[in-house]
Amino acid sequence: MEKMMKCAIYYGVGDIRLEERPVPQISDNDVLIKVLRAGICGSDTGAYLYGGEAAGIFKGQQFGHELVGKIVAKGKNVTDKIHLEDIVFVDPMQAHKSGSFEADMLGAFSEYVKVENAEINRNIYILNKNIDLDTAALIEPVSVGTRGATRLNPDLNDNVVILGAGTIGLSAAAGLLARGAKNVIVIDQVDWRLAKAAQLGAKTINTSTEDLLTKLLEYCGEVPQGAPFNPADLDPYLLQQVVEFAQNANMSFDAKKPNIDLVVDCAGAVPLLQQMFNLSKWETKYVIVAVYHKDLVLNPNIFIMYQPTLTSSKGYVTDTILEVIDHITKEKTPIKTIVTKKFKHTDFIEAMKAACDAKNNIKVIIDYEM
């Protein structure tokens, strides 16, 4: 066993260095994992571009949290059900005693990672030894997307709209399609990203070239509105006031509405979510998975008139991870299509720059076997 390992160390905006650090020492309850594949997450690129503290990545620290690896050492108290050479996924939020606080500093961009108090289906998940490792590297982000998409228990017949065709949006779509969802629609402004969504089995809308409402009506059908009044029955002065109120409130009593049951926001684009929110029918559900960098204002009158449900989703739970492992192992969708580039660990700086190029990449992974 080597005593030293190569690690990517975060020092601040635009400052990541490859250094040698000691291989972690394990205690009686821990396992040591040799990293085989690691994915670069949006929180990693955000740290590189804007600063890491908000994402839980601090200066001088190892980082990275999306990984699949091989167990190469175990403490004497670790269960006999965990074996050397097992291929495993690591839950970064459970890998340290400190829990989610150090999740983004797990060290996926280092050659070895220690998992404290190792326990099957809590912080390590044993994978089929024949699993495709590039696809297995996606377990963590696909779990994030799947958890968001299934947070409100959608029916397989629901009309679901996913905002954004990045890693999490495509993962959300794949999670639903793997369950057998019949009508999943992904919205974005980049054709080649939407082509990935179509490859997964989703319908697509490019809002830069297509009219959003027209396409949503085509894909979801129209909700019969039933006007609350007949304009001819109202006093003209009263009708004028009602029309003015509706216009000022960005509402309409006779506008066509698509029959959307669930909207999963993986884009974080304020105007897009506002537009979708204003298309609410009775009790439309909304789940926000995206991280917003601006204040989000939604029409309060929609809450009163249509009683939508609005919630959020962060991370995942054990059941989600197990569902995603089954999804990936059985190749229920071609989710590997979101991997756009691979790099050697020694080319990590170049890999980070490629991951920051969102116009040309979705998921960049590090292959420690290259």
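The values are calculated or read from the model by the stated rules, or taken from the named source; none is laboratory data. Computed from a predicted model, the values in this text were never measured in an experiment. Virtual Cβ from ideal backbone geometry, glycine too; neighbours counted across all protein chains shown. Ligands, DNA and RNA are stripped out before the accessible areas are found, and what is left, the full protein with its side chains, is counted by its heavy atoms. Shrake-Rupley method; radii C 1.70, N 1.55, O 1.52, S 1.80 Å.
What relative contact order, as a whole-number percentage, does segment 213-332 give when Cα pairs under 8 Å and 6 or more residues apart are counted? Relative contact order of segment 213-332: 22 percent. From helices alone, the chain scores -8500 deg cm²/dmol at 222 nm; the rule is -39500 (n - 2.57) for each run of n ≥ 4 DSSP H residues, then divide by the residue total.
For K59 and K3, the FRET efficiency from 1/(1 + (r/R0)^6), where r spans their Cβ atoms and R0 equals 22 Å, is about 0.35. Look at where the Cα atoms of segment 1-62 and of segment 330-366 average out, and the two centres are 17 Å apart. If R0 equals 30 Å, the separation of the Cβ atoms of Q240 and E218 corresponds to a calculated FRET efficiency of about 0.30. Atom-type composition of the exposed protein surface of segment 112-213 places 42 percent of the accessible area on carbon and sulfur (1.4 angstrom probe).
Given the pairs K182/K294; K203/K344; K281/K330; K257/K332; K59/K353, which span a C-alpha to C-alpha distance of over 30 angstrom in this model?
On the way: K182/K294 33 Å; K203/K344 35 Å; K281/K330 36 Å; K257/K332 32 Å; K59/K353 19 Å.
Violating the 30 Å limit, Cα to Cα: K182/K294; K203/K344; K281/K330; K257/K332.
Under a model in which nothing but the beta-carbon of Lys, Arg (+1) and Asp, Glu (-1) is charged, segment 156-211 shows a dipole of about 260 debye around its Cα centre. Remark: relative contact order (the chain) = 16 percent; criterion is Cα-Cα distance under 8 angstrom and separation of 6 or more residues.
Under 5 Å between amide hydrogens, built in the peptide plane, is the criterion, and for M5 it picks out R21, V23 among residues at least 5 positions away or on other chains.
Summarise the accessible area of segment 253-370 (1.4 Å probe, protein heavy atoms) by the percent that is carbon and sulfur. Intermediate values should be presented prior to the final figure.
Working: 2990 of 5840 Å².
Taking all protein chains in place, segment 253-370 shows 51 percent carbon and sulfur surface.
Of all beta bridges DSSP finds with both residues in the chain, what is the antiparallel percent, to the nearest 5? Working shown, then result.
Numbers: 33 of 60 bridges.
Roughly 55 percent of the beta bridges in the chain run antiparallel, per DSSP.
Residues with beta-carbon under 10 Å from that of T337, excluding T337: net charge, scoring Lys, Arg +1 and Asp, Glu -1?
Working: positive: K196, K336, K363; negative: none.
Net local charge, T337 excluded: +3.
Taking a Cβ cut-off of under 10 Å around A181, the surrounding Lys, Arg, Asp and Glu residues balance to a net charge of 0, with basic ones at +1 and acidic ones at -1.
Count Lys and Arg as plus one, Asp and Glu as minus one, and take only other residues whose Cβ is under 10 Å from that of V223; the net charge is then +2. A 1.4 Å probe run over the protein chains yields, for segment 101-161, 34 Å² of accessible area per residue, whole-number rounding. Rolling a 1.4 Å probe over the protein heavy atoms gives segment 215-370 an accessible area of 55 Å² per residue.
Given Cβ point charges of +1 (Lys, Arg) and -1 (Asp, Glu) and nothing else, what value in debye, to the nearest 20, does the dipole of segment 71-142 about its Cα centre take?
340
Each label was represented as a point 7 Å from its Cα along the Cα-to-Cβ direction; for S208 and E369 these points are 3.7 nm apart. Here the dipole of the chain is about 700 debye; that uses its Cα centre as origin and unit charges on the Cβ of Lys and Arg (positive) and Asp and Glu (negative). Ranked by the mean number of other Cβ atoms within 10 Å per residue, highest first, peptides 50-62, 157-169 order as 157-169, 50-62.
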